[in-house]
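The values are calculated or read from the model by the stated rules, or taken from the named source; none is laboratory data. Everything numeric in this text was worked out from a predicted model, so none of it was measured. Counting neighbours? That spans all protein chains shown, and the Cβs are built from the backbone with ideal geometry, glycine included. Heavy atoms of the whole protein, side chains included, go into the accessibility calculation; ligands, DNA and RNA do not. Shrake-Rupley method; radii C 1.70, N 1.55, O 1.52, S 1.80 Å.
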Amino acid sequence: MRIAVVGAYGAGKTTLSRALSRITGWPVVPVGPMADPVRGRPLPLERCSLAQTFQLTLRRHEERVRGQAVLGAAFISDGSVLHEWVYLLTLARWTLRRPTGDGRHPDERRQAAAVGRLAACALAEMGQQMGHRYDLVVRVPVEHTLPSGAPITVEFQRQLDSITAAVLARTGARLVRAEGTTTARARAVVSSVVVTPGG
């Protein structure tokens, strides 16, 4: 069973993915941190430029696809192939909404528009493939407040959640919404796995 756990930053994807791994014995797809666009030069995500975030998106997408291929027919993908592209699209839109003339490079808006178009196209393609890549897609909605010191704002998190929901609505993939405590979320997923014919 190939399970994708999808949701915005801070929604609880990793916690649920680890819980499901403990319950099922299926591994979580290994993917490096969303940081350090140039290996060997540490840089946290919130300090990355749009171009650096694009580099990270490509690298993590490749790591995720490779990791899923190696694990074969039984794994849990914390974020799925959508995760980084949703973040990149949100960041591009966020950049375009910022007021001009605050010391930004004049090409930044043009770059953000181009990156946004690319991310939207990638998400459309990834969305069409979700039903082929995964047997079950688990949507984890935002139910808890962001921790203090989080690298994103509540508004940015809402945008991530909104874009994720919009992409999932068009995928045609088998989808379950996991809400409540980690235990309740895991129970919702496991009951969906149990009733899957041939799962």
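Assorted remarks:
- Carbon plus sulfur fraction of accessible area for the range 1-69, probe 1.4 Å, in percent: 54 percent
- Per principal axis, descending, Cα span of the range 114-175 in whole Å: 38, 31, 15
- Helical contribution to [θ] at 222 nm, DSSP H n ≥ 4, -39,500 (n - 2.57), averaged over the chain, rounded to 500: -17500 deg cm²/dmol
- Segment Arg174-Ser21, extension gain: residue separation times 0.36 nm, minus the distance between their alpha carbons: 53.1 nm
- Contact order relative to length of the chain, as percent, for alpha carbon pairs under 8 angstrom and 6 or more apart: 31 percent
- Multiplying the residue separation of Ala165 and Ala184 by 0.36 nm and removing their Cα-Cα distance gives an extension gain of 4.8 nm.
- Here semi-axes √(5λ) of the Cα gyration tensor in Å was computed from the coordinates, and among (i) 38, 18, 13; (ii) 30, 17, 16; (iii) 29, 25, 16 the match is (ii).
- Listed values for the range 180-193 are Karplus-derived 3J(HN,Hα) couplings in whole Hz (6.51 cos²θ - 1.76 cosθ + 1.60, θ = phi - 60°), namely x, 5, 4, 4, 5, 5, 4, 4, 4, 5, 4, 5, 5, 5, and x replaces Gly and Pro.
- A Cβ-based charge dipole, computed about the Cα centre of the chain with Lys and Arg at +1 and Asp and Glu at -1, lands at about 120 debye.
- Between Ala124 and Asp107, the modelled labels are 2.6 nm apart [label points 7 Å from Cα along Cα→Cβ].
- Exposed-site-free run, longest, the chain (rule: GluC sites (Glu not before Pro); DSSP loop; at most 15 other C-beta within 10 Å): 1-142
- Per residue, the accessible area of the chain comes to 51 Å² when a 1.4 Å probe rolls over the protein heavy atoms.
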